[in-house]
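The values are calculated or read from the model by the stated rules, or taken from the named source; none is laboratory data. Predicted model only: the values in this text are computed from it and were never measured. Heads up, the Cβs are rebuilt from the backbone with ideal geometry, glycines too, and the neighbour counts pull from every protein chain shown. Heavy atoms of the whole protein, side chains included, go into the accessibility calculation; ligands, DNA and RNA do not. Shrake-Rupley method; radii C 1.70, N 1.55, O 1.52, S 1.80 Å.
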Amino acid sequence: MKFLQLANGVLMPSVALGTWQIPNGEVCYNAVKVALEVGYRHIDTAMAYQNEESVGKAIKDFGIKREDVFITTKLPAQIKGYQEALDTFHKSLNNLGIEYIDLYLIHAPKPWDDPGDGMNYMDQNIATWKAFEKLYEEGKVRAIGVSNFKVPHLEVLMKETKIVPHVNQIKVHPEHFDLETIEFCKQHNIIIQAYSPFATGRLFGNEILNDLAQKYNKTLAQIAIRWSLQHGFNPLPKSITPERIKENFDVFDFELTKEDMDKIDSLWKNK
């Protein structure tokens with residue numbers, strides 16, 4: 001396992017099992033157990049995924065020391081405010097059956113059903129972030145961050161609060177690359193977590209990536225994850241299939257050339 005170092009010095013395992021769209025219960029429990037057996041030490045969940053209980057139970061039953069696994073979870077997008085954030089955080093702790101969370105994120109700047117740009121929620125996001133800062137200062141979380149935030153959201157948040165987010169979790173894959181947000185985060189030492197690294201399956205028909213998979217004798221998924229790692233991102237591949245969970249972790253024994261990285265980058269540039 002390789003690690004990414006957050007701005008506060010915390011080491012975060014560089015590949016995480018994503019659990020979005022994995023239902024609570026046996027399916028999620030088994031996926032997490034398999035991931036831990038393979039060597040994953042970072043599990044990404046969220047209260048909105050409704051599977052925190054299964055994630056926590058799998059980790060407990062696997063028997064790994066708490067300090068040896070990195071757990072990310074998120075405050076639901078529709079919950080905003082100082083006390084609301086504190087109350088919901090403790091529900092997640094209870095769901096997971098743990099005493100602290102490694103990384104806690106605001107899931108989105110606005111509720112999912114709001115069609116706007118989310119800027120009208122920034123006062124509430126600031127109040128929420130101050131609750132996050134309290135949790136961080138009390139040692140109940142090791143790092144704090146946001147998800148789906150763009151540059152205007154980050155600028156307002158950082159201007160009105162003390163702690164710069166350690167992480168911004170956004171959609172990133174070879175055909176979707178929010179360069180403005182990524183460059184801003186890089187300038188401010190905010191690590192990018194890349195969700196949907198396979199474009200929820202749409203990447204698997206990509207001719208360039210399939211050609212590279214043959215060239216390196218790897219799967220297309222491994223090429224996409226490796227591309228993400230070499231950009232300095234923290235990819236969150238999701239799978240419930242044991243063999244694919246294993247393959248998605250087997251990405252540390254090869255490196256894409258600069259020429260091939262540029263070839264993959266051309267996919268989002270062309271789009």
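Quick check, is GLU67 within 17 Å of MET12 (Cβ to Cβ) and surrounded by fewer than 17 Cβ atoms within 10 Å (Cβ to Cβ)?
It is true that GLU67 is within 17 Å of MET12 (Cβ to Cβ) and surrounded by fewer than 17 Cβ atoms within 10 Å (Cβ to Cβ).
State all residues of segment 83-112 that are free of Cβ contacts under 8 Å to residues at least 24 places away in the same chain and among the acidic types (Asp, Glu); if no residue qualifies, say none.
ASP87
Take the residues of segment 224-267 that are of a type in the set (Val, Ile, Thr) and closer than 18 Å to ALA199 by Cα: which is most open to solvent (accessible area, probe 1.4 Å)?
Among those that are of a type in the set (Val, Ile, Thr) and closer than 18 Å to ALA199 by Cα, it is ILE240.
Take ALA194 and tell me if it is among the hydrophobic types (A, V, I, L, M, F, W, C), in contact with a strand residue (DSSP E or B) (Cβ under 6 Å, 6 or more places away or on another chain) and modelled with pLDDT of 95 or more.
Yes.
With GLY25, GLY97 as the choices, which residue is surrounded by fewer than 23 Cβ atoms within 10 Å (Cβ to Cβ) and either over 26 Å from LYS134 (Cα atoms) or at pLDDT below 95 (or both)?
Only one candidate passes the filter, namely GLY25.
Applying the selection to segment 194-211, what residues are touching a Leu at 6+ places or on another chain (Cβ under 9 Å), open to solvent by less than 10 Å² (accessible area, probe 1.4 Å) and among the small types (Gly, Ala, Ser)?
Passing the criteria: only ALA194.
In segment 206-257, what count of residues is obtained for those that are under 23 Å from THR73 (Cα atoms) and among the small types (Gly, Ala, Ser)?
Of the residues in that region, 3 qualify.
Has segment 212-219 got any residue that is among the small types (Gly, Ala, Ser) and crowded, with 17+ Cβ neighbours inside 10 Å?
Yes; the residues of segment 212-219 include at least one that is among the small types (Gly, Ala, Ser) and crowded, with 17+ Cβ neighbours inside 10 Å.
May I ask you to list pairs of residues, at least six apart or on different chains, whose Cβ atoms are under 7 Å apart, with the first in segment 166-193 being over 20 Å from GLU133 (Cα atoms) and open to solvent by 20 Å² or more (accessible area, probe 1.4 Å) and the second being of a type in the set (Gly, Ala, Ser) and in a helix (DSSP H, G or I)?
Note: pairs meeting the criteria are GLU175/ALA199; HIS176/ALA199.
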